[in-house]
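Each remark here refers to the structure printed beneath this line.
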Amino acid sequence: MPDSYLKVTIFRDERTLARSLAERLASDLALQPRQVLGLATGRTPVRLYHELGTLHAHGRADFSQVVTFNLDEFWGLPPDDPGSYRSFMDVHLFNRVGITPEQVNFLRGDADDADAECERYDRAIASADGIDLQLLGIGTNGHIGFNEPSRELAARTHRVRLKESTRRSNAALFGGDVSRVPTEALSMGMGSILRARRIVLIATGKSKARCVERLLTGPITTKLPASFLQLHSAVEVMLDTAAGEFVHS
Ligand code: PGA
């Protein structure tokens with residue numbers, strides 16, 4: 001594989017990756033407790049969040065001064081809907097590490113006006129002086145946040161129509177019933193993501209191997225939104241051996 005602009009680390013397995021990143025985030029927080037964290041949902045970060053919960057329970061991860069922003073939310077769902085990304089974050093991270101609602105910024109899927117809600121969110125990110133560390137997963141189709149492959153990509157936070165494949169991969173949040181997965185979402189745009197000072201993308205499992213390969217060395221294209229990360233100077237890509245199958249050092 002040709003060289004990549006992105007820094008890549010491959011871990012033995014998902015658990016080692018999650019532990020190592022959790023330890024690192026906890027040490028960063030010890031040095032700099034006031035951080036603006038950009039967070040992601042999906043299956044990939046769950047292990048990381050649980051490791052952070054364990055560190056917090058042992059008094060080794062202090063989240064008391066962080067401010068959080070999440071990448072996206074389903075359009076049409078109130079925050080307390082069990083299928084919402086807000087509920088997901090409460091269950092998997094916020095409640096485990098003592099992050100209070102006052103520290104959390106989230107797109108509201110039940111806002112009256114989607115455009116106004118997106119503008120509010122971008123303004124809130126700017127008022128927090130931007131995101132220090134943005135955590136990302138990657139869809140098998142190369143999406144980041146809900147920026148789906150398309151002819152053009154939005155720079156700012158916006159309303160999106162979800163691809164069927166994306167709805168299917170979210171069905172677990174709705175009892176496995178894909179018909180209950182909302183058809184639209186609000187998502188941070190490519191510019192909102194790329195303005196973060198540092199970005200860590202994590203990918204695990206064989207199903208991510210091809211899109212990771214294209215992310216690292218393919219052309220920059222709206223057909224693979226994650227490829228734009230090659231333009232950012234502080235991105236780390238953390239993989240398990242399965243997702244890193246096509247990465248040769
Ligand atoms: P996953 O989703 O972690 O559930 O694979 C990643 C993503 O779609 O960003």
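Filtering segment 30-51 down to residues that are more than 16 Å from the ligand (Cβ to nearest atom) and touching a Leu at 6+ places or on another chain (Cβ under 9 Å), which residue is nearest to Leu93 (Cα to Cα)? Full working, then the answer.
Step one: filter segment 30-51 for residues more than 16 Å from the ligand (Cβ to nearest atom), giving 30-37.
Filter again for touching a Leu at 6+ places or on another chain (Cβ under 9 Å), leaving 35-37.
Numbers: Gln35: 16, Val36: 15, Leu37: 12 Å.
Step by step, filter segment 30-51, then rank; the result is Leu37.
All but one of (1) out of contact with any Cys (no Cβ under 6 Å at 6 or more places or on another chain); (2) polar (S, T, N, Q); (3) more than 21 Å from Asp81 (Cα to Cα) hold for Ser179; state the number of the condition that does not hold.
Failing condition for Ser179: (3).
Which ranges mark the helices (runs of 4 or more DSSP H) fully within segment 1-101 that have 1 or more residues being of a type in the set (A, V, I, L, M), closer than 21 Å to Met238 by Cβ and free of Cβ contacts under 8 Å to residues at least 24 places away in the same chain? Spell out the reasoning first.
Working: elements: 14-31, 46-57, 85-89.
The helices (runs of 4 or more DSSP H) meeting that bar are 14-31.
Filter segment 230-249 down to residues that are over 17 Å from Ala18 (Cα atoms) and part of a loop (DSSP other than H, G, I, E, B), then give me how many there are.
Selection size over segment 230-249: 8.
Quick one: which of Ser165, Ser169, Ser179, Ser207 is more than 16 Å from the ligand (Cβ to nearest atom) and out of contact with any strand residue (DSSP E or B) (no Cβ under 9 Å at 6 or more places or on another chain)?
Details: Ser165 fails: more than 16 Å from the ligand (Cβ to nearest atom); Ser169 fails: more than 16 Å from the ligand (Cβ to nearest atom); Ser207 fails: more than 16 Å from the ligand (Cβ to nearest atom).
Going through Ser165, Ser169, Ser179, Ser207 in turn, the sole match is Ser179.
Taking segment 71-99 on its own, how many of its residues are among the polar types (S, T, N, Q) and closer than 15 Å to Gln35 by Cβ?
Pass one, segment 71-99, residues among the polar types (S, T, N, Q): 84, 87, 95.
If we keep only those that are closer than 15 Å to Gln35 by Cβ too, we end up with none.
Number of matching residues: 0.
Hey, does segment 184-199 have a residue that's farther than 26 Å from Leu25 by Cβ and either among the charged types (D, E, K, R) or surrounded by fewer than 22 Cβ atoms within 10 Å (Cβ to Cβ) (or both)?
yes
Check off (1) assigned to a helix (DSSP H, G or I); (2) within 16 Å of the ligand (Cβ to nearest atom) for Leu135 and give me the number that stays unchecked.
Only one criterion is unmet by Leu135, namely (1).
Within the group Phe106, Phe94, Phe146, which residue is aromatic (Phe, Trp, Tyr), within 29 Å of His50 (Cα to Cα), within 16 Å of the ligand (Cβ to nearest atom) and modelled with pLDDT of 95 or more? Reasoning before the result, please.
Values: Phe106 fails: within 16 Å of the ligand (Cβ to nearest atom); Phe94 fails: within 16 Å of the ligand (Cβ to nearest atom).
From the options Phe106, Phe94, Phe146, the qualifying one is Phe146.
Could you list, in sequence order, the residues of segment 140-169 that are touching a helix residue (DSSP H, G or I) at 6+ places or on another chain (Cβ under 7 Å), free of Cβ contacts under 8 Å to residues at least 60 places away in the same chain and open to solvent by 50 Å² or more (accessible area, probe 1.4 Å)?
Passing the criteria: Ala155, Arg156, Arg168.
Restricting attention to segment 209-229, which residues are within 30 Å of Cys118 (Cβ to Cβ), open to solvent by 30 Å² or more (accessible area, probe 1.4 Å) and either in a helix (DSSP H, G or I) or in contact with a Gly (Cβ under 6 Å, 6 or more places away or on another chain) (or both)?
Arg214, Phe228
Here's the yes/no breakdown for (1) touching a residue at least 60 places away in the same chain (Cβ under 8 Å); (2) of a type outside the set (D, E, K, R):
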| position | (1), (2) |
| --- | --- |
| Met188 | yes, yes |
| Ile193 | yes, yes |
| Arg197 | yes, no |
| Lys208 | yes, no |
| Thr217 | yes, yes |
| Thr221 | no, yes |
| Phe228 | yes, yes |
| Leu231 | no, yes |
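Could you check, for segment 171-179, whether at least one of its residues is assigned to a strand (DSSP E or B) and under 24 Å from Glu73 (Cβ atoms)? Spell out the reasoning first.
Going through segment 171-179, the residues assigned to a strand (DSSP E or B) turn out to be none.
Scanning segment 171-179 turns up no residue that is assigned to a strand (DSSP E or B) and under 24 Å from Glu73 (Cβ atoms).
Given the conditions (1) touching a residue at least 60 places away in the same chain (Cβ under 8 Å); (2) touching an Asp or Glu at 6+ places or on another chain (Cβ under 7 Å); (3) charged (D, E, K, R), and given that Asp129 satisfies all but one, which numbered condition is not satisfied?
Asp129 satisfies all of (1) touching a residue at least 60 places away in the same chain (Cβ under 8 Å); (2) touching an Asp or Glu at 6+ places or on another chain (Cβ under 7 Å); (3) charged (D, E, K, R) except (2).
The values are calculated or read from the model by the stated rules, or taken from the named source; none is laboratory data. All figures in this text were calculated on a predicted structure; none of them were measured in a lab. A quick note on method: Cβ atoms are made from the backbone with ideal geometry, for glycine too, and the neighbour counts reach across all protein chains shown. Note: accessible area is taken over every heavy atom of the protein model, side chains too, but ligands, DNA and RNA are not part of it. Shrake-Rupley method; radii C 1.70, N 1.55, O 1.52, S 1.80 Å.
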